[in-house]
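Have a look at the structure below, then the notes.
The values are calculated or read from the model by the stated rules, or taken from the named source; none is laboratory data. Just so you know, these numbers come straight off a predicted model, no measurement behind them. Reconstructed Cβ throughout: ideal geometry from the backbone, glycine too, with neighbour counts over all protein chains shown. Areas reflect the complete protein model, heavy atoms only, side chains present, ligands, DNA and RNA absent. Shrake-Rupley method; radii C 1.70, N 1.55, O 1.52, S 1.80 Å.
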Amino acid sequence: MNAFQTFEGKPHTLGAVPHNDGVNFAVYSKNATRVVLDLFDSADAKQPSASIEFDPVKNRTGNIWHIYVKGLTKGAIYLYRVDGPYNPPQGHRFNFNKYLLDPYAKALTSGSIFQSYNRQRELGLAGVENGKLSDLSNFPKCVVVEDIEFDWQGDKPLNLPLSKSVIYETHLKGFTASPTSGVQFPGTYKGFIEKIPYLKELGITAVELMPIFEFDEFENGNINPRTGDRLKNYWGYSTIGFFAPKTSYAADKTPGGAVREFKEMVRELHKAGIEIILDVVYNHTAEGNEHGYTFSFRGFENSSYYMLPDNEKQYYHNFSGCGNTLNAAHPVTTRFILDSLRYWVSEMHVDGFRFDLAAALCRDQNSYIQGFPFLTNAISEDAILGNTKIIAEPWDCGGGYLVGGFPGGRWSEWNDRFRNDIRRFIRGDEGVVTAAATRIAGSSDIFNHSGRVPSASINFVSCHDGFTLNDVVSYNGKHNDENGENNRDGSDDNNCYNHGYEGVTTNPKIETVRVKKIKNFLLCLLLSQGVPMICAGDEFRRTQMGNNNAYCQDSEISWINWNFVAKNHELFEFTKAMINLRKNHPVFRRETFFSSQKAEIEWYGSDGKNPDWAKMKRFLGFKLVGSSARHEDDSADNDFYIAGNTDIYDVTVTLPAPAKGKKWYCLADTSVARDMTVAAPGKEELLKEQQLYVVPAGSFVILISK
């Protein structure tokens, strides 16, 4: 066993920090009676090469245990063991026989926690019961990382205003995992780098990656009834390491390789002018409820990190739907979350975060939603996070629904009402025109208060959770038959329509309608006020074959099929054109809500008159007044007239008069098939008839005044 020289160490920075000729280790535990640091010679070592016990007098300051180990360097591999009271009714679950991951670990070795624990259960080695150490088979270990060694080549945050952003939500692995991706390193950070030219051509400004914090894809025990294969936790909303990029997503799986590879991806995205937003899960951890696992937080200080009922602390409040809820209002947990966010910004150069089930972060230690939570305000006002984009999924699984009122200042929010109202309007539902108009205009009914602006609304018509856009127009109901839950999982409220046939069809009439409807969705999404978010693959009809809850499908069901880019090139080009239209015209990305005192937007019925909203059924027309939005050179933008007819009959529309000296030109008509849908800039067709325009059934038209 190796001998190391040790010193008291410092309590100020938690985690493992290399310094001079050694490493400083520091962890939080209020009620621990004993802390041991175990060091390993390799990632697959079954026994520690050295065990260093903290002296509770020399190596403890307050509730921080700390030690400096001379002779260790970056790449050192370690775990902890912590002893203390095992008294669940009092909230304590210490177990010295469990190896623990450092909550502040910046990298983990490859491995699977849950395969390890399943093995223990099979062999009867469940820790406390027989006094044996937990099995290290398939159990990852922590890696000491040196933060300052990476060559960023002068990389700096892009700080693109949200009002100018076009977000692209995708799964890191699934983006390139399919053999159709044609990349050298499929399913990895390196593979993602290879696809940056595609993202740049599409025109998006930011990628929003589904969880890349370390998680265990093998925690799902369900079986695919069709193939007999064990399903996975593909999405990753079950975090284990809040400072560690997922090792299995790296081509380089050596200890710490994922950190370097992630940084390379960020650097190359920034070179292409693309920001990176991370989908982060601070509402719960993968340790589950009282029947769950102990591998980190529970073994260090269960009663601080988790929200426990006052009189029954052996149980867990569950506002995440995953068994537990992080106690975000506790000062230690608050610091932990802020430290994690700061690390990803300062050391990993991330541009923003989307917070999963963020209403859970607004709950106090008694589980009640606060009007002014310390954490959400602290994130908003934090000096290091000052320029980052912070986006809330403003609900949780405990009934917290805060859309339009998420507390804490400069937050933006996922706007599910945009999705629902636009889906119903384009489907042709009657009586939703007013709601659709409100969403297109920026959802002022939700967000126009307390100094908020249109970019507070993150607009989307599809996302990872639910149908793809293709499946919205191809299915009447979910088909989650391969999820191992007898199709009981996933939402039944999808506002979808198959247009005459359930699923894939070669019927040309149905296919023509479906493509047109997808164009309508993308047009509304990209030309509405607020910030548009596209779900990856919607621009070329990615399908999940009717599965609207593909959380467990690490397979072709979820992966991007890149053959669809060529197959549906028309739709890809349309999406590019709509993104460029938004970028080139500030009238579509206003930084203030429309004023009722000024002529900035004008609404019309099909007769060209101000609409009687109570009688509006399936038609919506409006003119955007270009003089109300200025280009960077302070010149006025063009006027635009946009009309949508979601009825089954064509509508002859009376057009509003263009400004004096101007004429209407047709920029886009989604009823026109193939690549003629959108005219190239400067190639718009002058309307011979300036007073009337026939908007075909189920179509949208865009006119520009010149």
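Couple of notes before you dig in:
- Residue under evaluation ASN476, criteria (1) crowded, with 21+ Cβ neighbours inside 10 Å; (2) in a loop (DSSP other than H, G, I, E, B), criterion not met: (1)
- Counting only strands (runs of 3 or more DSSP E) that sit wholly inside the stretch 1-84, those with at least 1 residues that are out of contact with any helix residue (DSSP H, G or I) (no Cβ under 6 Å at 6 or more places or on another chain) and under 30 Å from LYS253 (Cβ atoms) are 15-19, 22-28, 34-40, 50-53, 64-70, 77-83.
- Single match in ASP633, ASP650, ASP639 (criterion: without any contact (Cβ under 8 Å) to a residue 24 or more places away in the chain and charged (D, E, K, R)): ASP633
A quick yes/no check of all residues on (1) of a type outside the set (A, V, I, L, M); (2) touching a helix residue (DSSP H, G or I) at 6+ places or on another chain (Cβ under 7 Å); (3) crowded, with 19+ Cβ neighbours inside 10 Å:
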site: ASN610; (1), (2), (3): yes, no, no
site: ASP647; (1), (2), (3): yes, no, no
site: ASP669; (1), (2), (3): yes, no, yes
site: THR677; (1), (2), (3): yes, yes, yes
site: PHE700; (1), (2), (3): yes, yes, yes
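- Filter result for PRO255 (in a loop (DSSP other than H, G, I, E, B) and more than 22 Å from ASP554 (Cα to Cα)): yes
- The criterion of being in contact (Cβ under 8 Å) with a residue 40 or more places away in the chain, over 23 Å from SER134 (Cβ atoms), more than 35 Å from the chain's Cα centre (by Cα) and open to solvent by 10 Å² or more (accessible area, probe 1.4 Å) holds for PRO89.
Residue-wise test of (1) closer than 22 Å to SER296 by Cβ; (2) out of contact with any Leu (no Cβ under 8 Å at 6 or more places or on another chain).
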position: SER340; (1), (2): yes, yes
position: PHE353; (1), (2): yes, no
position: ASP364; (1), (2): no, yes
position: ILE369; (1), (2): no, no
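- Test for GLY288: is it small (Gly, Ala, Ser), in contact with a Cys (Cβ under 6 Å, 6 or more places away or on another chain) and not in a helix (DSSP H, G or I): no
- In the condition set (1) surrounded by 14 or more Cβ atoms within 10 Å (Cβ to Cβ); (2) over 23 Å from GLY428 (Cβ atoms); (3) in contact (Cβ under 8 Å) with a residue 60 or more places away in the chain, MET616 is compliant with all but (2).
- Count of the stretch 159-180 residues which are open to solvent by 10 Å² or more (accessible area, probe 1.4 Å) and touching a residue at least 40 places away in the same chain (Cβ under 8 Å): 10
- Comparison of GLY386, GLY428, GLY409, GLY404 shows that the only residue that is open to solvent by 20 Å² or more (accessible area, probe 1.4 Å) and at positive phi is GLY409.
- Residue match in the stretch 40-60 (condition: at pLDDT below 95, under 34 Å from the mean Cα position of the chain (by Cα) and open to solvent by 80 Å² or more (accessible area, probe 1.4 Å)): yes
- Any hit, the stretch 17-33, residues being under 25 Å from TYR343 (Cβ atoms) and of a type in the set (Lys, Arg): yes
- Residue-level check: of (1) closer than 26 Å to GLU591 by Cβ; (2) in contact with a Cys (Cβ under 9 Å, 6 or more places away or on another chain); (3) aromatic (Phe, Trp, Tyr), PHE622 misses just (2).
- Scanning the stretch 294-338 for residues that are touching a Gly at 6+ places or on another chain (Cβ under 8 Å), assigned to a helix (DSSP H, G or I) and open to solvent by 20 Å² or more (accessible area, probe 1.4 Å) yields a single hit, SER303.
- Top-ranked residue of the stretch 588-608 - restricted to ones that are open to solvent by less than 80 Å² (accessible area, probe 1.4 Å) and among the hydroxyl-bearing types (Ser, Thr, Tyr), ranked as nearest to ASP650 (Cα to Cα): SER606
- Whichever residue in the stretch 431-446 is open to solvent by 10 Å² or more (accessible area, probe 1.4 Å) and part of a loop (DSSP other than H, G, I, E, B) and, among such residues, is farthest from VAL513 (Cα to Cα): ALA441
- Condition check for GLY371: assigned to a loop (DSSP other than H, G, I, E, B), open to solvent by 10 Å² or more (accessible area, probe 1.4 Å) and either in contact with a Cys (Cβ under 7 Å, 6 or more places away or on another chain) or modelled with pLDDT under 95 (or both): yes
- Scan of the stretch 243-262 for residues that are of a type in the set (Lys, Arg), modelled with pLDDT of 95 or more and either touching a His at 6+ places or on another chain (Cβ under 7 Å) or open to solvent by 20 Å² or more (accessible area, probe 1.4 Å) (or both), ordered by number: ARG260
- Taken together, TRP344, TRP414 contain a single residue that is within 14 Å of VAL280 (Cβ to Cβ) and either more than 20 Å from the chain's Cα centre (by Cα) or in a strand (DSSP E or B) (or both), which is TRP414.
- Taken across the stretch 362-373, residues that are of a type outside the set (Asp, Glu) and touching a residue at least 60 places away in the same chain (Cβ under 8 Å) do occur, with at least one present.
- Qualifying residue in the stretch 516-537 (condition: in contact (Cβ under 8 Å) with a residue 40 or more places away in the chain, out of contact with any Asp or Glu (no Cβ under 7 Å at 6 or more places or on another chain) and open to solvent by 10 Å² or more (accessible area, probe 1.4 Å)): yes
- Residue within the stretch 543-555 that is more than 27 Å from PRO508 (Cα to Cα), open to solvent by 20 Å² or more (accessible area, probe 1.4 Å) and of a type outside the set (Ser, Thr, Tyr) present: yes
- Any hit, the stretch 70-80, residues being crowded, with 23+ Cβ neighbours inside 10 Å and either among the β-branched types (Val, Ile, Thr) or modelled with pLDDT under 95 (or both): yes
- Verdict on LYS660 being open to solvent by 50 Å² or more (accessible area, probe 1.4 Å), basic (Lys, Arg), within 21 Å of ARG423 (Cα to Cα) and assigned to a loop (DSSP other than H, G, I, E, B): no
- Among (1) in contact with a strand residue (DSSP E or B) (Cβ under 9 Å, 6 or more places away or on another chain); (2) at pLDDT 95 or above; (3) more than 14 Å from ARG267 (Cα to Cα), the one test that THR176 misses: (1)
- Against the test of being under 21 Å from HIS171 (Cβ atoms) and in contact with a His (Cβ under 8 Å, 6 or more places away or on another chain), the options HIS464, HIS479 yield a single qualifying residue, HIS464.
- Residue match in the stretch 323-338 (condition: closer than 19 Å to ALA456 by Cβ and in contact (Cβ under 8 Å) with a residue 60 or more places away in the chain): no
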